[in-house]
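The values are calculated or read from the model by the stated rules, or taken from the named source; none is laboratory data. Here the structure is a predicted model, which means the values were calculated and not measured. Using ideal geometry, Cβ is built from the backbone for each residue, glycine included, and neighbour counts are taken over all protein chains shown. The area values use the complete protein model at the heavy-atom level, side chains included, leaving out ligands, DNA and RNA. Shrake-Rupley method; radii C 1.70, N 1.55, O 1.52, S 1.80 Å.
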Amino acid sequence: MSTNADAQKRQAAEQALAFVEEGSIVGVGTGSTVAHFIRGLGTMRDRIEGVVSSSEQSTALLAQLGIPVFDLNAVGPLALYVDGADECDPHKCLIKGGGAALTREKIIAAASKRFVCIIDAGKQVPVLGRFPLPVEVIPMARSHVARELALRGGQPAWREGVVTDNGNWILDVHNLHINDPVKMETDINQIVGVVSVGLFARRAADIVIVGDRVLP
Ligand code: 5RP
């Protein structure tokens, strides 16, 4: 990653802090961009009640900073979810899951009123699919799901050695040109054995921040 990309991630994370409401519980994603956001939350931890975390990785950083972490079931809908992405198209549809946290990220995004996505400019694409699409699968269904994804024109590769926080495996699907992300998300969700797909199109981002720019 270039220093410039990391500087843009940090800038985007700083901008996202302005969306945090006093006394609220904030949903937080996973990854290097969100790590900047979490460190920012650490500087204002007396002004929030706490967070809901999307991964063990983020929870560990939150614990280091003394930020209370709540179970989503205990807090109900959230006002704000902040997360990074691997790709973002002009409609604010995303590919996520490079850090294997897509399922919990998707759950928190679905349970949040506003989803603010923070990225560097290298994540912007005209059409999703250059980044291999992560799909979380039940381990015994890996080969079946891979065959189904190949029938849809993708080239699935097993992310060997990676076990998600939910005890599942990841297939990364190469060579997709995702012209209709809502349709593809709906279709892949129907494959038996798929836990979730890293397309965030049915619930896209509401606001995208690229470096210091909030996209219109
Ligand atoms: C984790 C994700 C991340 O948001 C995505 O991989 C971007 O990561 P980074 O901020 O490190 O570039 O989806 O599952």
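Each part reduced to its alpha carbon centroid, segment 151-216 and segment 29-85 end up 22 Å apart. Val195 contributes an accessible area of around 60 Å² to the protein surface, as traced by a 1.4 Å probe with all chains present.
With the cut-off at under 11 Å, measuring from each backbone N in segment 152-173 to a point 7 Å along the Cα-to-Cβ line of Arg130 picks out no residue. Summing Lys and Arg as +1 and Asp and Glu as -1 over all other residues whose Cβ lies under 14 Å from the Cβ of Thr33 gives a net charge of -3.
Backbone N atoms of segment 2-19 closer than 16 Å to the 7 Å Cα→Cβ label point of Asp212 belong to residues 4-18.
Measure nothing fancy, just the Cα-based angle from helix 3-16's long axis to the longest principal axis of the chain, in degrees from 0 to 90, nearest 10. Helix 3-16 sits at roughly 60 degrees to that axis. Stretched out straight at 0.36 nm per residue, the stretch from Val162 to Asn175 would grow longer than its current Cα-Cα span by 2.6 nm. Note on the chain: percent of Cα-Cα distances in each 5 Å bin, starting at 0 and stopping at the bin with the largest distance, equals 1, 8, 16, 20, 20, 16, 11, 6, 2, 0, 0. Within a straight-line Cα-Cα reach of under 19 Å, Lys183 can be paired with the following lysines, leaving aside sequence neighbours fewer than 8 residues apart in one chain: Lys92, Lys96, Lys106.
Surface composition of segment 67-161: carbon plus sulfur atoms contribute 56% of the solvent-accessible area (1.4 Å probe, protein chains only, all chains present).
Heavy-atom accessible area per residue, the chain, 1.4 Å probe: how many Å²?
The answer is 46 Å² per residue.
Taking a ≥ b ≥ c as the square roots of the eigenvalues of the Cα gyration tensor of segment 133-197, is the shape rounded (a/c under 1.5), prolate (a/b larger than b/c) or oblate?
Details: a/c = 1.72, a/b = 1.54, b/c = 1.12.
In terms of gyration-tensor shape, prolate.
The length gained by stretching the chain between Met140 and Glu49 to full extension, at 0.36 nm per residue less their Cα-Cα distance, is 28.8 nm.
Tell me, what is the FRET efficiency for Ser24 and Ala121 to the nearest 0.05, using R0 = 41 angstrom and their Cβ-Cβ distance as r?
Calculated value: 0.90.
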